[in-house]
């Protein structure tokens, strides 16, 4: 089996209460493609997922957010989960970390309500985005063009809903986004 992203380090930004189901799907996809997923978090040691109705599993944090640098990673994935977003929005390091990926044009995949974090970090101005309906106002207030579709890709930013029937399409598009970045790296 060909693993086109072998050697690529992908950061996943999460805090306690992240949506575990979507995270696991992203983790599987990155492993299938040969990428190394690194958990970046405000939490120290372990970060705890949310399984929809209660606390899920604990995952080892690879690097604390306050020392992590976007330059060390080829792409960024931000898992949804209101509890996680509430914690991540409290630190300026979140804005710095996300901003470095957006400024450099590296792939950024935001799942579900994580699009709110992008808006809070002022990274959606004039960009087409989507997600759950409750995210619309904050995204539009921060200059985003809300499409209301189940998934949207604007340049190197993928946003969308990863639940139910949308899951396969979202992760297929995430695969293409990562492959597109890999092709650009090889051409450089």
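None of the figures in this text is laboratory data; all of them are computed from the coordinates on show. Remember, it's a predicted structure, so these values are computed and weren't measured experimentally. Neighbour counts are summed over all protein chains in view; Cβ atoms, including those assigned to glycine, are modelled from backbone coordinates with ideal geometry.
Summary table
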item	result
Kirkwood-Stokes translational diffusion coefficient of the chain, alpha-carbon pairs, 37 °C, 0.692 mPa s, µm²/s	203 µm²/s
Residue order, fewest to most beta carbons within 10 Å, for 61, 108	61, 108
Residue among 128, 28, 106 with the largest mean-square fluctuation in a Gaussian network model of the chain, springs linking Cα atoms under 10 Å	28
Bridge type composition, the chain - antiparallel percent by DSSP, nearest 5	25 percent
Value at 222 nm in deg cm²/dmol, rounded to 500, when DSSP H runs of n ≥ 4 in the chain each add -39,500 (n - 2.57)	-11000 deg cm²/dmol
Average Cα contact separation per residue, the stretch 9-182, under 8 Å, 6 or more apart, as relative contact order %	19 percent
Residue order, fewest to most surrounding Cβ atoms within 10 angstrom, among 8, 2	2, 8
Selected from 54, 148, 17 as most flexible by GNM, with the chain as the system and alpha-carbon contacts under 10 Å	54
Residue exposure sequence - 22, 172, 53 - by fewest surrounding Cβ within 10 Å	53, 172, 22
